[in-house]
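Chemist: Let me give you the structure first, and then I'll get to my questions.
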Amino acid sequence: MTKFRKGLTFAAAATLAFSLTACSSDDGSEGTEGTDGGSGEAAAAGDNSLTVWAWDPAFNIFAMEEAEKVYQEEHPDFTLDIQEVTWEDLQPRLTTLAQSQEFGELPDIFLMQNNAFQKNALNYPDLFTPITDSGVAFDEFPAGVTAYSTIDGENYGVPFDAGTAISALRTDILEEAGLTVDDFTDITWDEYIALGEQVLEATGKPMLSGIAGEPDTILMMLQSAGQSLFDAEGNPTITDNEALASAIDLYSQMVEKGIYLEVNSWDEYIGSLVNGNVAGTINGIWISGSLQTAEDQAGNWGVTNLPIVDGVDGATHYSANGGSSWAVSSNANVELATDFLASTFAGSTELYDTILPSAGAVANWLPAGDSDVYSEPQEFYGGQPIYADVISFGAEVPANNTGAYYYEARDAVGVAITQIMGGTAPADALGEAQSTVEFAMN
């Protein structure tokens, strides 16, 4: 249930390629120079402006607009040209530009889904500029987040919004079962299941909900255990993966016991939360925006860490789902772009103080957590300062090697889960998923 929708068809991408070729007079050479030294069209212009591609006006674009204001305090002539490009348009657009070598069409900065970063940077390296030595303090971000945009030790992205996972719980429903949020803190998944059965018996409500066939819950369990669908060399590890097998078994138990409600769509998932059909959710912190649309539930939610996958070495109470990072393109004015990012998304408490209450944009930049704004009690969550908690959770999220074929593996595991829930032996279903990903990679 990540904030992700599939891109355009090949035909649409081909149409875009034609239109870009028709409107461009660039032969691609400037983009190649930009890859090496940031001397593409934007740098050649020599002005004090940057072009940005991003989606979601109320969240990402709003954050960029506020970052522009912050940077203008020291650079009054600076401007941003922020262009709304939806994710489903951005991905095929980048692919088309890479294949056509039209690097001069790139903006200075573009937003990238964290789980798609590795695939794009590995398959289309000429779209990106490495920014390891740019002045951005990457050690001020959680290692598990910077890992998404790190290739062979080189940093290619500045993390933006946190996909840090939370366990959000309806305190009023728990109370009916004689429980509190504390009972769900620092526990194992086995303990969570037992508590979920207690809640179901007392209230008739499942603990969790999710879209049938989508593996988000299982993948959050997997990352919390410090494991991935790929090994360090990028090879799929869907079979003979102890943590994945444990996560699937736990998920199956919850569905079978009735404490995990499988629904058919995103709208049904959100409806199960805001209509009070379930006692909680486990998802990225961005789910808070949807929860808070249920104004009648204000004061009846609490947040804690995730259950641990017991018996797996390296397992933790922390994970992530979603999130994004800012990439500097090969056509960028690199010096200006990196200084802007270092001064704002990687250096301004003022910026995060502004966008947190207005957009719910929780920082990956750890120093932002020291701000008083993050420590303020949140009325919707019964006065709990949840954003300070989320910052501390984020610092503990294990790194997760998504590999270049993350979405192929994610989809294959989703199919395997459906098969397993339908009675197929786990070994057979996961073996088929492994073969599917290996075929895609070859």
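Chemist: I want to confirm something. Restricting to segment 58-71 and keeping residues that are open to solvent by 60 Å² or more (accessible area, probe 1.4 Å) and modelled with pLDDT of 95 or more, which single residue is nearest to Asp339 (Cα to Cα)? Spell out how you get there, then give the answer.
Modeler: Within segment 58-71, the first condition is being open to solvent by 60 Å² or more (accessible area, probe 1.4 Å), and the residues that meet it are 58, 65, 69.
Within this subset, residues satisfying the condition of being modelled with pLDDT of 95 or more are 65, 69.
On the way: Glu65: 16, Lys69: 14 Å.
Among them, the one singled out is Lys69.
Chemist: Here's another thing I want to ask about it. So the check is Cβ under 8 Å with 6+ separation or different chains; which pairs have a first residue in segment 121-147 that's outside the structural domain of Glu105 (by TED's automatic domain parsing) and modelled with pLDDT under 95 and a second one that's aromatic (Phe, Trp, Tyr) and surrounded by fewer than 18 Cβ atoms within 10 Å (Cβ to Cβ)?
Modeler: Taking only residues 6 or more apart or on different chains, not a single pair turns up.
Chemist: Restricting the search to segment 72-101, which residues are modelled with pLDDT under 95, open to solvent by less than 20 Å² (accessible area, probe 1.4 Å) and over 23 Å from Ala346 (Cβ atoms)?
Modeler: Scanning segment 72-101 gives a single hit, Pro92.
Chemist: Only residues that are within 26 Å of Glu175 (Cα to Cα), polar (S, T, N, Q) and free of Cβ contacts under 8 Å to residues at least 40 places away in the same chain: list them for segment 373-395, please. So that I can check it myself, show each step before the final result.
Modeler: So in segment 373-395, the residues within 26 Å of Glu175 (Cα to Cα) come out as 375-390, 393.
When the remaining residues are screened for being polar (S, T, N, Q), the result is 375, 378, 384.
Hits for segment 373-395 are Ser375, Gln378.
Chemist: Also, I was wondering about something else. Mind checking which residues of segment 201-211 are of a type in the set (A, V, I, L, M), farther than 10 Å from Asn277 by Cα and open to solvent by less than 50 Å² (accessible area, probe 1.4 Å)? Break it down stepwise before answering.
Modeler: Our first condition is that a residue be of a type in the set (A, V, I, L, M); within segment 201-211, this holds for 202, 207-208, 211.
Next cut, farther than 10 Å from Asn277 by Cα only: 202, 211.
The answer is Ile211, and nothing else.
Chemist: Checking Ser358 against (1) open to solvent by 40 Å² or more (accessible area, probe 1.4 Å); (2) outside any helix (DSSP H, G or I), which single condition isn't satisfied?
Modeler: (2)
Chemist: Before we move on, is Leu111 open to solvent by less than 10 Å² (accessible area, probe 1.4 Å) and more than 30 Å from Gly382 (Cα to Cα)?
Modeler: yes
Chemist: Still on this structure: Testing Gly403 on (1) more than 27 Å from Gly153 (Cα to Cα); (2) among the small types (Gly, Ala, Ser); (3) touching a Gly at 6+ places or on another chain (Cβ under 7 Å); (4) at pLDDT below 95, one condition comes back false. Which one is that?
Modeler: Here Gly403 meets the rest and fails (1).
Chemist: Evaluate the following for Glu350: is it surrounded by fewer than 19 Cβ atoms within 10 Å (Cβ to Cβ) and of a type in the set (Asp, Glu)? Even if it seems obvious, please write down each step before you answer.
Modeler: Working: surrounded by fewer than 19 Cβ atoms within 10 Å (Cβ to Cβ): yes; of a type in the set (Asp, Glu): yes.
When the stated conditions are applied, Glu350 passes them.
Chemist: Taking into account only those residues within segment 361-372 that are in contact (Cβ under 8 Å) with a residue 40 or more places away in the chain and of a type in the set (A, V, I, L, M, F, W, C), which is surrounded by the fewest Cβ atoms within 10 Å (Cβ to Cβ)?
Modeler: If we take residues in segment 361-372 being in contact (Cβ under 8 Å) with a residue 40 or more places away in the chain and of a type in the set (A, V, I, L, M, F, W, C), then Leu366 is surrounded by the fewest Cβ atoms within 10 Å (Cβ to Cβ).
Chemist: From the list Val397, Val390, which one is of a type in the set (A, V, I, L, M, F, W, C) and either assigned to a helix (DSSP H, G or I) or open to solvent by 40 Å² or more (accessible area, probe 1.4 Å) (or both)?
Modeler: Details: Val397 fails: either assigned to a helix (DSSP H, G or I) or open to solvent by 40 Å² or more (accessible area, probe 1.4 Å) (or both).
None of the other options fit; the residue is Val390.
Chemist: Test each condition in (1) in a helix (DSSP H, G or I); (2) open to solvent by less than 10 Å² (accessible area, probe 1.4 Å); (3) modelled with pLDDT of 90 or more for Phe345 and report the one that comes out false.
Modeler: Among (1) in a helix (DSSP H, G or I); (2) open to solvent by less than 10 Å² (accessible area, probe 1.4 Å); (3) modelled with pLDDT of 90 or more, Phe345 violates only (1).
The values are calculated or read from the model by the stated rules, or taken from the named source; none is laboratory data. Worth saying up front: this structure is predicted, and the values here are computed from it rather than measured. All Cβ positions, even for glycine, are placed from backbone atoms using ideal geometry, and neighbour counts span all protein chains on display. All accessible areas refer to the heavy atoms of the entire protein, side chains included, with ligands and DNA or RNA removed. Shrake-Rupley method; radii C 1.70, N 1.55, O 1.52, S 1.80 Å.
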